[in-house]
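Reviewing the structure listed below.
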Amino acid sequence: MAVRKLSLDDFLEEEHYALIGIHCVIEDYRLAFLINQTLDISLKRAKEDVTDPSLNTSHAIFEWFDEKQLTTYHLVANTCKVQYNNVQQQSNSLFGEDTSEVTNFYLLPEFKKVNYILKVETEFLNKEKIILTNILKIPQVSTAYSIDVEGLKSKENLIFN
């Protein structure tokens, strides 16, 4: 008698989304405004940031759901800078020396040079090229490109809900 093993992957529907890496030096709210103008969408700052309590990080996120096209947009900062303050007491000094250390944390460590990530959840995969072409028209964006989702090691960082 043949035995068939079932895995959980057989029952779960895979989520369809595209990732676009954006290189620019402007602030997140300014980029969201420019993307809103260019793509004719309405990205808004989420009430809660994407956080990782174990690392004490917080990534700003802007999101919008298009009800007509059943598409969800997430614009999230890839970089988070955390400052650690260390107070060291010197034996020869009356006052302690205040030193601070800044550490960078990344939502996608494989893409450390990417400043922002635009996640587009949609059933229509051909929409990615249109979005990418329009983002590249923004003068403040240095470059933007599609990120291969299959090759990512840190996919779990992209779960925002």
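The values are calculated or read from the model by the stated rules, or taken from the named source; none is laboratory data. Quick caveat: nothing in here was measured; it's all calculated off a predicted structure. We place every Cβ from the backbone using ideal geometry, glycine too, and count neighbours over all the protein chains shown. Only protein heavy atoms, including side chains, enter the accessible area calculation; ligands, DNA and RNA are left aside. Shrake-Rupley method; radii C 1.70, N 1.55, O 1.52, S 1.80 Å.
The range 128-160: which GluC sites (Glu not before Pro) are DSSP loop and have at most 14 other beta-carbon atoms within 10 angstrom?
On the way: sites: E128, E150, E156; in loops: E150.
Those that pass, being in a loop and sparsely packed, are E150.
Mind checking which lysines have their Cα closer than 27 Å to the Cα of K68? Skip sequence neighbours fewer than 8 apart in that chain.
K44, K47, K119, K127, K129, K137
Could you list log10 I(q)/I(0) for the range 112-161 at q = 0.18, 0.23, 0.28 Å⁻¹, which the Debye formula gives when each Cα is one point scatterer?
-0.70, -1.09, -1.32
List the lysines whose Cα lies under 19 Å from the Cα of K112, skipping any in the same chain that are fewer than 8 positions away.
Partners found: K81, K153, K155.
With every protein chain left in place, what is the accessible area of S154 in Å² (1.4 Å probe, nearest 10)?
10
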